[in-house]
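Scroll down for the structure; my scribbles are underneath it.
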Amino acid sequence: MTRRVAIFISGGGSNMVKLLDSMTGDHAGRACVVLSNDPAAAGLERAEERGVPTEVVRHQPFHGDRTAFEHALMGAIAKHKPDVICLAGFMRKLTAGFVDEWRGHMLNIHPSLLPKYRGLHTHARALKAGDKEHGCTVHEVTPVLDDGPILGQARVPVLPDDTEATLAARVLEQEHILYPMVLRRFLVGEKTPVFLES
Ligand code: GRF
């Protein structure tokens, strides 16, 4: 049975594009909607070009009332009947109320080797710490930010002349491989983590 996948974005949506493009052939999933909290998110157009319905729920009108924002999110996606949500650069924290509703059915990609560097500025923090390796993680979403069972990680070396931008680009390249791979496995019930090296 085909699993319906919603993808939440806030920006360019390069991970979203990789997920959309991966869901063909014998893949168990098909995208049913791409949602953004920002109407200017470039990823919305990229989804529309691919014939995927889009929804926008701006967070500003809710003035920090996360529960009301999340009710609006639920309302916007309900008609698309998703089975699974993939957070792909969705820059809003979700409350336990929303997350618990989707427990076991919501994934996130985070640009660090969790449990290291939860939250923002992960590349700068890895550089500042003098780390020799860095990477990205796909995990199931639980109420704790950037936590939850790890489904896959990809490692990259940190090079001596790296800047935040060069390191971010090297990690993003791996995100684009890891997230589609993990989603494909997850939808057929494979939750053993995959580990990629480059
Ligand atoms: C990615 O680095 C993702 O890990 C992080 O935000 C970025 C989103 O990039 N959470 P894109 O919108 O998928 O291009």
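Looking at Thr122, Thr192, Thr95, Thr166, which one is farther than 29 Å from Arg4 by Cβ and more than 11 Å from the ligand (Cβ to nearest atom)?
Exactly one residue qualifies, and that residue is Thr166.
Residues that are closer than 24 Å to Val17 by Cβ, charged (D, E, K, R) and out of contact with any Pro (no Cβ under 8 Å at 6 or more places or on another chain): which strands (runs of 3 or more DSSP E) entirely in the stretch 118-198 hold 3 or more of them?
none
Could you check the stretch 1-53 and list, in sequence order, the residues that are over 15 Å from Asn108 (Cβ atoms), within 16 Å of the chain's Cα centre (by Cα) and among the hydroxyl-bearing types (Ser, Thr, Tyr)?
Ser14, Ser22, Ser36
We did not get these values from a lab; they are worked out from the coordinates using the rules stated. Note that this is a predicted model, so its numbers are computed, not measured. Neighbour counts run over all protein chains shown; Cβ positions are idealised from the backbone, glycine included.
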